[in-house]
Amino acid sequence: MKRICVYCGASHGKREAYRETAELLGQELLKRGLGLVYGGGSVGLMGIIADTVMAGGGEVIGVIPEGLMGKEVDHQGVTALHVVDSMHTRKGLMAKLADGFIAMPGGLGTMEELFETWTWGQLGFHDKPCGLLNSAGYYDSFYTFLDNMVAEGFVRPKHRGMLMVADEPAELLDLLANYKPPTVKRWLDETDL
């Protein structure tokens, strides 16, 4: 792996733990010589992780749609900032540039980015690892919801298992580094449930 895409909030959230985790993840990326691909903003958790990686001399690649340039306050100090025409183009380029994906605490945009990337892996469009950085238990109830999706027959256990979760950045990066994608069949039937 050369670069990790991190999805996270353009807000700091209410807990100091989220900010601390963004800094810790940035430091861990630096320790491992991994570049950062992210949404290109200078505010919220996005800004914290970008600033942390930049302060350590690491590679930071931002991808931001033209329409969000003012709202997310595009980061001018990054290694490269790609300004694209749409959210769809943003997600595609981020996926192309990254070798793995991490969702930190964030809002609707973070969840949408995670689900699309995870679905692309489920469908075999890529074989890159996806993970949740469960800072301060942020994703606990979401993980319970995923259990229910499996129990109700809407998500296969092997596909749920594609999304790794850890509370600490080092642990999650280790999981991503050792990821083995499941075998994907193009045409699924009820026996796959």
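The values are calculated or read from the model by the stated rules, or taken from the named source; none is laboratory data. Values in this document were obtained by computation on a predicted structure and should not be read as measured data. Please note: Cβ atoms are built from the backbone with ideal geometry, for glycine as well, and neighbour counts cover all protein chains shown. Each accessible area value is taken on the protein alone, full model and side chains, heavy atoms only, with ligands, DNA and RNA left out. Shrake-Rupley method; radii C 1.70, N 1.55, O 1.52, S 1.80 Å.
Figures for the structure shown
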{"read-out": "Test result for Thr110, modelled with pLDDT of 95 or more, closer than 30 Å to Ser86 by Cβ and either open to solvent by 60 Å² or more (accessible area, probe 1.4 Å) or in contact with a His (Cβ under 9 Å, 6 or more places away or on another chain) (or both)", "value": "no"}
{"read-out": "Tally, over the range 117-131, of residues that are open to solvent by less than 40 Å² (accessible area, probe 1.4 Å) and part of a helix (DSSP H, G or I)", "value": "3"}
{"read-out": "Identity of the residue in the range 132-172, of a type in the set (Gly, Ala, Ser) and surrounded by fewer than 16 Cβ atoms within 10 Å (Cβ to Cβ), that ends up modelled with the lowest pLDDT", "value": "Gly161"}
{"read-out": "Residue in the range 131-149 that is farthest from Met164 (Cα to Cα), counting only those that are in contact with a helix residue (DSSP H, G or I) (Cβ under 7 Å, 6 or more places away or on another chain) and in contact (Cβ under 8 Å) with a residue 60 or more places away in the chain", "value": "Ala136"}
{"read-out": "Residue list for the range 52-62, restricted to those being touching a strand residue (DSSP E or B) at 6+ places or on another chain (Cβ under 9 Å) and over 13 Å from Leu24 (Cβ atoms)", "value": "Met54, Gly58, Glu59, Val60, Ile61, Gly62"}
